[in-house]
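Chemist: Starting off with a structure, shown below.
The values are calculated or read from the model by the stated rules, or taken from the named source; none is laboratory data. Just so it is clear, the model here is predicted, and its values are computed rather than measured. When we count neighbours, we look across all protein chains shown, and the Cβ atoms used for this are built from the backbone with ideal geometry, even at glycine. When the accessible area is computed, the model is the full protein with side chains, heavy atoms only, and any ligands, DNA or RNA have been set aside. Shrake-Rupley method; radii C 1.70, N 1.55, O 1.52, S 1.80 Å.
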Amino acid sequence: MLVHLGWHPLSRAPPFEQGATCSGWKRSVQGSCPMAPQYAPSLRSRLAPLLLFLQIGFVVIFAFCIEIESNIKADGTTFSSFYPEFLDVNAMVILGFGFLCTFLVRYGYSATGFNLLVAVMAIQWAIILRGMESWYYRGKIRVDLRSLVVAEMCTASALISIGAVLGKTNPVHLVLIGLLEVSGFVLNEWLLQVLLKVPTENSIMLLHVFGAFFGLTLTWILFREGSLQPFEKEKFDRQTGLFSMLGSLFLWMFWPSFNSVLVDNDFPWRKLGAVCSTYLALAVSAVTASAMSMLSSPRGKLNPIRMQSCILAGGVAVGVSMSAVRQPWEAMTIGFTAAVVSTAGSQCLKRHMLLAFECHDTCAVLSTHGLPGLLGWLAHLLLQIKACDDHTTAIRFAVFHICTLLLTIAVSLSMAVLTGFLLKWNLWRPPQDKKCFDDQAFWEFPHLAVNK
């Protein structure tokens, strides 16, 4: 509601935006100074220079160090066979993750817009970091569709972490999180391959575990006292829930490509097995999540927000254990167990993590990605030991597999602590509690006369 205090609704801006002082208001409101509206701090002097500096730097690096791969069959992959998979992964990163976080009533623009901003910045950075070895030995970084896909998968880890701090940070924070987490993830991938000889597809598929622990550590460091009580604007309605479900459907549809895109094309049966296993796990987790959501509801109804994340648990778990899954029933069992664990986690852990550990997990990344990722790691361990005929080989694999998880968590936590303390600086102008989960803090809406 607009209150007439010497300002016409059709004027360009309220007095405080036009530079009017409190003394000017005193003359019009019986000599008393009214309480000024709590506008969010402007990021013009922070976000714009940061983005321009980074983008110009990326352009310069690409100009001198990066070129397009001319021999498109160098790795046995043709353009026509790989391009559809690239489109699927790209749709997941941009549309899937973007719409998945639109369930918040007043944060839809920020969820989709900032997801795109972080994704495109982090993808460029991931291409540069993953090509450093090639640049060192060859003098150039060669880019092809496979390198773009791997960069997008590295970026997906950062987008998972952002879900934990969504709504409580500004875009400057999010860009820094994306760049620093991609750096940590690429470092972790390199360590796993050099120290433990982990295959590329296995090391990258740990992105769910890496992203979940990174996000939880970050939200613990950036904890706000006001988080103990629900934020005023941290809620959803039917319309935003529908858009969020659309994001889940995008992810569900394209997840088989996400899990199989890095499988070597020299073994078509392995790629077919990855696609079929992922699809079956997703189907079982969708059915199981629906049943568990209804059982956990006091009124026996489906909870759309809780369900839309749990239906993806099977894809997460089977992706981490993909190289060890051989039979359809194994993938279906993993999908069933992942949905049960994810639903139970979303029902209980989010509130308990807030009260016990002061971790305000906005998008429940622990139950959506963390727990299913750990379950997939455990399933990989058990299935691989089952397939081993020699006890010595089984023990050796178990030790290396456990070291893989410990190293991934250690790098994730270390980078998250470093990032968290960097983001705690007031230099980045974090939003006030009243402006959390609010698009109006960052987006211009001309049809709104005043901020509410």
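Chemist: Among residues belonging to the stretch 421-444 that are touching a residue at least 40 places away in the same chain (Cβ under 8 Å) and among the acidic types (Asp, Glu), point out the one that is most open to solvent (accessible area, probe 1.4 Å).
Modeler: Top of the filtered list is Asp433.
Chemist: Say we look at the stretch 128-145 and pick out the residues that are assigned to a helix (DSSP H, G or I) and in contact with a strand residue (DSSP E or B) (Cβ under 6 Å, 6 or more places away or on another chain); which of these is least open to solvent (accessible area, probe 1.4 Å)? Full working, then the answer.
Modeler: The first filter runs over the stretch 128-145 and keeps only residues assigned to a helix (DSSP H, G or I), leaving 128-130, 132-138, 145.
Filter again for in contact with a strand residue (DSSP E or B) (Cβ under 6 Å, 6 or more places away or on another chain), leaving 134-135.
Values: Ser134: 30, Trp135: 106 Å².
Per the criteria, the residue is Ser134.
Chemist: Does the stretch 325-336 hold any residues that are buried (at least 22 other Cβ atoms within 10 Å of the Cβ) and either of a type in the set (Ser, Thr, Tyr) or in a helix (DSSP H, G or I) (or both), and which are they?
Modeler: Step one: filter the stretch 325-336 for residues buried (at least 22 other Cβ atoms within 10 Å of the Cβ), giving 325, 331, 334-335.
Residues satisfying the conditions are Ala331, Ile334, Gly335.
Chemist: Using the structure shown, decide if Lys350 is without any contact (Cβ under 8 Å) to a residue 24 or more places away in the chain, open to solvent by 60 Å² or more (accessible area, probe 1.4 Å) and touching an Asp or Glu at 6+ places or on another chain (Cβ under 7 Å). Steps first, answer last, please.
Modeler: Values: without any contact (Cβ under 8 Å) to a residue 24 or more places away in the chain: yes; open to solvent by 60 Å² or more (accessible area, probe 1.4 Å): yes; touching an Asp or Glu at 6+ places or on another chain (Cβ under 7 Å): yes.
Criteria met by Lys350.
Chemist: Sticking with this structure for a sec: Just one of His360, His380, His391 is buried (at least 19 other Cβ atoms within 10 Å of the Cβ), at pLDDT below 95 and not hydrophobic (A, V, I, L, M, F, W, C); which is it?
Modeler: Numbers: His380 fails: at pLDDT below 95; His391 fails: buried (at least 19 other Cβ atoms within 10 Å of the Cβ).
Answer to the selection: His360.
Chemist: To continue, here is another question. Applying the selection to the stretch 100-123, what residues are closer than 17 Å to Leu145 by Cα and open to solvent by 40 Å² or more (accessible area, probe 1.4 Å)?
Modeler: We begin by selecting, within the stretch 100-123, every residue closer than 17 Å to Leu145 by Cα; these are 119-120, 122-123.
Of everything in the stretch 100-123, just one residue is closer than 17 Å to Leu145 by Cα and open to solvent by 40 Å² or more (accessible area, probe 1.4 Å), namely Val120.
Chemist: Let me ask another. Can you tell me which residues in the stretch 247-288 are polar (S, T, N, Q) and open to solvent by 50 Å² or more (accessible area, probe 1.4 Å)? Working first, answer last.
Modeler: Looking only at the stretch 247-288, we keep the residues that are polar (S, T, N, Q), and these are 248, 257, 259-260, 265, 277-278, 285, 288.
Hit for the stretch 247-288 is Asn265, nothing else.
Chemist: If I go through the stretch 146-160 residue by residue, how many of them are touching a Lys or Arg at 6+ places or on another chain (Cβ under 8 Å) and open to solvent by less than 10 Å² (accessible area, probe 1.4 Å)? Outline the logic, then answer.
Modeler: Taking the stretch 146-160 first, the residues touching a Lys or Arg at 6+ places or on another chain (Cβ under 8 Å) are 147, 150-151, 154.
Filter once more, keeping what is open to solvent by less than 10 Å² (accessible area, probe 1.4 Å): 150-151, 154.
The total comes to 3.
Chemist: Scan the stretch 411-420 for residues that are open to solvent by less than 50 Å² (accessible area, probe 1.4 Å), within 24 Å of Gln193 (Cβ to Cβ) and small (Gly, Ala, Ser) and jot them down. Even if it seems obvious, please write down each step before you answer.
Modeler: If we filter the stretch 411-420 for residues that are open to solvent by less than 50 Å² (accessible area, probe 1.4 Å), which is where we start, we get 411-412, 415-416, 419-420.
Next cut, within 24 Å of Gln193 (Cβ to Cβ) only: 411-412, 415-416, 419.
Answer for the stretch 411-420, where residues must be open to solvent by less than 50 Å² (accessible area, probe 1.4 Å), within 24 Å of Gln193 (Cβ to Cβ) and small (Gly, Ala, Ser): Ser412, Ala416.
Chemist: Just one of the numbered conditions (1) touching a Phe, Trp or Tyr at 6+ places or on another chain (Cβ under 8 Å); (2) over 29 Å from Phe223 (Cβ atoms) is not true of Cys359; which one?
Modeler: (2)
Chemist: I've got another one for you. Somewhere in the stretch 363-370, is a residue under 24 Å from Thr278 (Cβ atoms), touching a residue at least 24 places away in the same chain (Cβ under 8 Å), of a type in the set (A, V, I, L, M, F, W, C) and not in a helix (DSSP H, G or I)? Let's see the steps before the verdict.
Modeler: So in the stretch 363-370, the residues under 24 Å from Thr278 (Cβ atoms) come out as 363-370.
Next cut, touching a residue at least 24 places away in the same chain (Cβ under 8 Å) only: 363-370.
Narrowing the set further to residues that are of a type in the set (A, V, I, L, M, F, W, C) leaves 363-366.
Going one step further and asking which of them are not in a helix (DSSP H, G or I), we end up with 363-364.
The answer is yes, given that some residue of the stretch 363-370 is under 24 Å from Thr278 (Cβ atoms), touching a residue at least 24 places away in the same chain (Cβ under 8 Å), of a type in the set (A, V, I, L, M, F, W, C) and not in a helix (DSSP H, G or I).
Chemist: Any idea how many residues of the stretch 194-203 are in a helix (DSSP H, G or I) and either open to solvent by 60 Å² or more (accessible area, probe 1.4 Å) or modelled with pLDDT of 95 or more (or both)?
Modeler: Of all residues in the stretch 194-203, those in a helix (DSSP H, G or I) come to 194-195, 200-203.
Narrowing further to those that are either open to solvent by 60 Å² or more (accessible area, probe 1.4 Å) or modelled with pLDDT of 95 or more (or both): 194-195.
Within the stretch 194-203, residues that are in a helix (DSSP H, G or I) and either open to solvent by 60 Å² or more (accessible area, probe 1.4 Å) or modelled with pLDDT of 95 or more (or both) number 2.
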